[in-house]
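See below for the structure under consideration.
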Ligand SMILES: NC(=O)c1ccc[n+]([C@@H]2O[C@H](COP(=O)([O-])OP(=O)(O)OC[C@H]3O[C@@H](n4cnc5c(N)ncnc54)[C@H](O)[C@@H]3O)[C@@H](O)[C@H]2O)c1
């Protein structure tokens, strides 16, 4: 029975994961190397709960109880020592994740399931640095976690079927919809999404159509809630580029080669929403989509 959850990394995803577990009455230890980040995380989680209260989806009492379920730690060892499950949502960097999983494997109870929320790093590789590869699995939550229903569950090469069943049940307990996939580059979500985004960027680069036209075609024609450029800006163009590199290296297939325009934008520091400019420009307080000056014909 899973009751105690340790979440490693108190950034965008760690906040959201801690939020949904706390709201569903789990005890949550939120761990980050950066103390200021932990303070910021608690403020953000409280703000997101306030939004749910003002929308009437939860009561003030539920919010208070949920917040009381979250404790923060800067020491990984202390934060995972009595965990039933550890969910890693630290920065997307292979060496960092391997180091973190070695530490978790030593500090967490032998019975604990170890999970990564990685978008692209091999679960089998992460599992290989632990002494419990059969208990290592991927739970790819989507951003924003409290809103998005999907959990892409990734079976590592050695993940035990009973562990997969536990994670399916746990995802449902959180009100999410789990979908199980096998561990190959990009899993399924990014293996399909990133080539679509790359193809949109190629179409712009080749002058076939503009940013607004391509996004409108995909929104109105395919019923996508966001066009590929808006979504790429939201995800971060650096993140898109690095996932394309993972697909290209992992499958050895040139069809995943990133468009030179994407490479240039990342090199120039135009990373999307987080730098206020990507394919669109973003002004704080405004929800208007304004195409970046360089893409206006
Ligand atoms: N942002 C997304 O849309 C999204 C979606 C799905 C999955 N992911 C995956 O989730 C993970 C986290 O992404 P994010 O966007 O939340 O990143 P982020 O940069 O917002 O947060 C990462 C956090 O990890 C912390 N950290 C770094 N090293 C650490 C360590 N050794 N111990 C503890 N904490 C450490 C950092 O201080 C930071 O607070 C990545 O693997 C990413 O690929 C992200």
Looking across the range 136-150 at residues that are more than 21 Å from residue 101 (Cα to Cα) and in contact with a helix residue (DSSP H, G or I) (Cβ under 9 Å, 6 or more places away or on another chain), the single one that is surrounded by the most Cβ atoms within 10 Å (Cβ to Cβ) is 145
Per the filter on the range 181-214, residues part of a helix (DSSP H, G or I), in contact (Cβ under 8 Å) with a residue 24 or more places away in the chain and farther than 29 Å from residue 250 by Cα are 211, 212
Scanning the range 81-97 for residues that are more than 10 Å from the ligand (Cβ to nearest atom) and either more than 21 Å from the chain's Cα centre (by Cα) or without any contact (Cβ under 8 Å) to a residue 24 or more places away in the chain (or both) gives 81, 82, 83, 84, 95
Does the range 276-296 include one or more residues that are under 23 Å from the mean Cα position of the chain (by Cα) and assigned to a helix (DSSP H, G or I)?
no
Residue 148 - would you say it is closer than 28 Å to residue 219 by Cβ, within 14 Å of the ligand (Cβ to nearest atom) and either touching a residue at least 40 places away in the same chain (Cβ under 8 Å) or in a loop (DSSP other than H, G, I, E, B) (or both)? yes
Checklist entry - in contact (Cβ under 8 Å) with a residue 60 or more places away in the chain and either touching a helix residue (DSSP H, G or I) at 6+ places or on another chain (Cβ under 6 Å) or within 12 Å of the ligand (Cβ to nearest atom) (or both): does that describe residue 116? => result no
Screening 38, 114, 30, 42 for residues that are closer than 22 Å to residue 132 by Cβ, under 20 Å from the mean Cα position of the chain (by Cα) and surrounded by 15 or more Cβ atoms within 10 Å (Cβ to Cβ) leaves only 114
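Residues checked against (1) touching a helix residue (DSSP H, G or I) at 6+ places or on another chain (Cβ under 7 Å); (2) not in a loop (DSSP other than H, G, I, E, B):
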{"site": "7", "(1), (2)": "yes, yes"}
{"site": "13", "(1), (2)": "no, yes"}
{"site": "21", "(1), (2)": "no, yes"}
{"site": "45", "(1), (2)": "yes, yes"}
{"site": "48", "(1), (2)": "yes, yes"}
{"site": "57", "(1), (2)": "no, no"}
{"site": "65", "(1), (2)": "no, yes"}
{"site": "72", "(1), (2)": "yes, yes"}
{"site": "83", "(1), (2)": "no, no"}
The correct count of residues that are in contact with a strand residue (DSSP E or B) (Cβ under 8 Å, 6 or more places away or on another chain) and outside any helix (DSSP H, G or I) in the range 215-247 is 1
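Throughout, read-outs are computed from the coordinates displayed, never taken from laboratory work. What you see is a predicted model; the values in this text were computed from it and never measured. When we count neighbours, we look across all protein chains shown, and the Cβ atoms used for this are built from the backbone with ideal geometry, even at glycine.
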